[in-house]
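The values are calculated or read from the model by the stated rules, or taken from the named source; none is laboratory data. All values derive from a computational prediction rather than experimental measurement. Cβ placement follows ideal geometry from the backbone for every residue including glycine, while neighbour counts extend to all protein chains displayed.
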Amino acid sequence: MGVYILLYLCVNCFKNNKLHPLFKEIYEFFGLNQFVKEYNHIRPHEALGFEAPASIHNFSTRPFPEKILVFDYNSDMKVLKVT
């Protein structure tokens, strides 16, 4: 379970197709580069018609904002922090 969570975190820390420096050492230590390469570029997936995910994935052309805007809520709304 822990490896899957680590893999999820590593894969989802990409920004502009570059691995976040925080996860680079973890990625290399666990040999995840080879795993992700095989999983995304070589191994066929039944749910994708036996295609590799990389062969059908389209990257978004929408730019990622460097800073998320702060929202100003109405005074009658209660703002909660979810952790």
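For this structure, a couple of remarks:
- Selection count where residues are aromatic (Phe, Trp, Tyr) and modelled with pLDDT under 75, scope the range 16-62: 4
- Counting only residues that are outside any loop (DSSP other than H, G, I, E, B) and among the small types (Gly, Ala, Ser), the range 55-67 holds 1 of them.
- In the range 25-54, residue surrounded by the fewest Cβ atoms within 10 Å (Cβ to Cβ) [restricted to those that are outside any helix (DSSP H, G or I) and touching a Pro at 6+ places or on another chain (Cβ under 9 Å)]: Phe50
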